[in-house]
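Engineer: Sharing a structure, written as structure tokens. Questions coming.
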Amino acid sequence: MPEVYGMIDLLDRRVRDREFLAADRFTFADALLMATLDPTFRFPEAAEDEAPALHRYYDRHATRPSFVETAATSHAILWAFAIASIVLSLNLLAPWVLSGARRARSGIAVNPEDGARFGVPVSETAPPEVARYLRAHRNAEATICPFLALGVVYILAGGTAPIAIPNFVLFVVARVAHAIVYLRALQPWRTITFAVSLLAIIAPMLATVFQLIRH
């Protein structure tokens, strides 16, 4: 991509004989550049032999305590969010898949073509055991989707690990527990686990607003 090559070459020439990007000290411009260089260096256009001065600039400032701490925090948050996303995706898919298995065992099809193929009666109304799995799926869908969206927004807003990671863990545990107690029809645990997951959705909302106001 010519645009990428041009930008990398421009930055490389800019820091070739300079310790800092825009002044005689480390400024916000350097902080922004450092934040973008880590992912940028993964592209072949930004390989070390293509931009040696830019790599030296990065290596020099990557040892700054503030950058080391921020990078470690960012990686920790991303790892936690990635793991949470995988577990929550499985939590979202499981009731849906299990509802299909339950429906197959009930001997009732919801689609006419399935009824004709397998020789079973057709009904648009799901059997009670199937309906419970579908309700559990809808409940998970209504909470997991906004939580994942809010998680991305909070990370992009510069969220901190001490808030993000415990909140991710809390929501995942609450949602997995809720799926179990919902399918087993256990009260008051169904309401309790749902309330906990709801609080874990509200928390990143407030934290994101606070983060944006602070900056």
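Engineer: S85 - would you say it is modelled with pLDDT of 75 or more, within 16 Å of the chain's Cα centre (by Cα), within 19 Å of M205 (Cβ to Cβ) and of a type in the set (S, T, N, Q)?
Structural biologist: Numbers: modelled with pLDDT of 75 or more: yes; within 16 Å of the chain's Cα centre (by Cα): yes; within 19 Å of M205 (Cβ to Cβ): yes; of a type in the set (S, T, N, Q): yes.
When the stated conditions are applied, S85 passes them.
Engineer: Also: Looking at the structure I just gave you, is E113 at negative phi, surrounded by fewer than 13 Cβ atoms within 10 Å (Cβ to Cβ) and part of a helix (DSSP H, G or I)? Explain how you work it out, then say what you get.
Structural biologist: On the way: at negative phi: yes; surrounded by fewer than 13 Cβ atoms within 10 Å (Cβ to Cβ): yes; part of a helix (DSSP H, G or I): yes.
Yes; evaluated as a whole, the condition is true for this residue.
Engineer: Return yes or no: is I165 farther than 20 Å from V87 by Cβ and of a type in the set (V, I, T)? Full working, then the answer.
Structural biologist: Working: farther than 20 Å from V87 by Cβ: no; of a type in the set (V, I, T): yes.
No: the conditions fail for I165.
Engineer: Let me ask another. Which residues, counting only those in the range 175-196, are assigned to a helix (DSSP H, G or I) and polar (S, T, N, Q)?
Structural biologist: Step one: list which residues in the range 175-196 are assigned to a helix (DSSP H, G or I), which gives 175-183, 189-196.
Listed by number, the residues that qualify are T191, T193.
Engineer: Now for a different question. Are any of the residues in the range 30-50 in contact with a Lys or Arg (Cβ under 7 Å, 6 or more places away or on another chain), outside the structural domain of P162 (by TED's automatic domain parsing) and either within 23 Å of G158 (Cα to Cα) or at pLDDT below 70 (or both)? Step through it out loud before you land on a result.
Structural biologist: To start, the set of residues in the range 30-50 that are in contact with a Lys or Arg (Cβ under 7 Å, 6 or more places away or on another chain) comprises none.
Checking the range 30-50: not a single residue is in contact with a Lys or Arg (Cβ under 7 Å, 6 or more places away or on another chain), outside the structural domain of P162 (by TED's automatic domain parsing) and either within 23 Å of G158 (Cα to Cα) or at pLDDT below 70 (or both).
Engineer: Suppose we filter A207, A136, A140, A179 for residues that are assigned by TED's automatic domain parsing to the domain that holds A76, within 16 Å of I77 (Cβ to Cβ), of a type outside the set (D, E, K, R) and touching a residue at least 40 places away in the same chain (Cβ under 8 Å); which single one remains?
Structural biologist: A207
Engineer: To continue, here is another question. Is at least one residue of the range 197-212 among the polar types (S, T, N, Q), under 19 Å from W96 (Cβ atoms) and part of a helix (DSSP H, G or I)? If you could, list the steps in order and put the result at the bottom.
Structural biologist: Taking the range 197-212 first, the residues among the polar types (S, T, N, Q) are 197, 208, 211.
Those still in the list that are under 19 Å from W96 (Cβ atoms) too: 197.
Keeping just the survivors that are part of a helix (DSSP H, G or I) gives 197.
Taking every residue of the range 197-212 in turn, at least one turns out to be among the polar types (S, T, N, Q), under 19 Å from W96 (Cβ atoms) and part of a helix (DSSP H, G or I).
Engineer: Return yes when V87 is under 29 Å from L186 (Cα atoms) and in a helix (DSSP H, G or I) and no when it is not. Even if it seems obvious, please write down each step before you answer.
Structural biologist: Working: under 29 Å from L186 (Cα atoms): yes; in a helix (DSSP H, G or I): yes.
It is true that V87 is under 29 Å from L186 (Cα atoms) and in a helix (DSSP H, G or I).
Engineer: Among the residues of the range 90-110, how many are over 30 Å from V173 (Cβ atoms), of a type in the set (A, V, I, L, M, F, W, C) and in a helix (DSSP H, G or I)?
Structural biologist: 1
Engineer: Exactly one condition in (1) surrounded by 18 or more Cβ atoms within 10 Å (Cβ to Cβ); (2) in a loop (DSSP other than H, G, I, E, B) is false for H137; which is it?
Structural biologist: Failing condition for H137: (2).
The values are calculated or read from the model by the stated rules, or taken from the named source; none is laboratory data. Note that this is a predicted model, so its numbers are computed, not measured. Reconstructed Cβ throughout: ideal geometry from the backbone, glycine too, with neighbour counts over all protein chains shown.
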